[in-house]
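The block underneath contains the structure these notes are about, expressed in structure tokens.
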Amino acid sequence: MTELKEFDLTDFLTDEKIKKEYLNQVIENGDLEELKKALFYISKSYGIENIAKKANLNRESFYKIFKPNSKPRFESIFKIINALGYSIKFA
């Protein structure tokens, strides 16, 4: 019997344009849980430890941010966005 590979969105986040479009769509929808998931998958595509270090967060704190129903501080989300090389702009 063929074994199915577990689906991992990170496998599809191979291009910077795709990552930005995904994040923009999630932000437009306004769902915090989806934003956390998007930031996690994009962080994973760059390497969790690398992004956590750039965000000046230890590994444990980084993973706590992304737990379901967690309420991370805006400062923490902002640090991760910056560590990913993105910025927030208002139009």
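Among what's in segment 82-91 and is of a type in the set (A, V, I, L, M) and at pLDDT 95 or above, pick the residue that is farthest from residue 46 (Cα to Cα).
Within segment 82-91, the match that is farthest from residue 46 (Cα to Cα) is 83.
Would you tally the residues in segment 62-81 being closer than 15 Å to residue 44 by Cα and either surrounded by fewer than 15 Cβ atoms within 10 Å (Cβ to Cβ) or of a type in the set (Phe, Trp, Tyr) (or both)?
Number satisfying all stated conditions: 5.
Here is a list of conditions, (1) surrounded by 11 or more Cβ atoms within 10 Å (Cβ to Cβ); (2) basic (Lys, Arg); (3) assigned to a loop (DSSP other than H, G, I, E, B), and residue 5 meets all of them except one; can you say which number that is?
Failed condition: (1).
Go through segment 64-81 and give me each residue that's in a helix (DSSP H, G or I) and free of Cβ contacts under 8 Å to residues at least 12 places away in the same chain.
64, 74, 75, 78
Regarding residue 49, is this residue of a type in the set (Asp, Glu) and in contact with a helix residue (DSSP H, G or I) (Cβ under 8 Å, 6 or more places away or on another chain)?
yes
The values are calculated or read from the model by the stated rules, or taken from the named source; none is laboratory data. Nothing here was measured: the structure is a model prediction, and the numbers come from that model. As a convention, Cβ positions derive from the backbone with ideal geometry for all residues, glycine included, and neighbour counts pool all protein chains shown.
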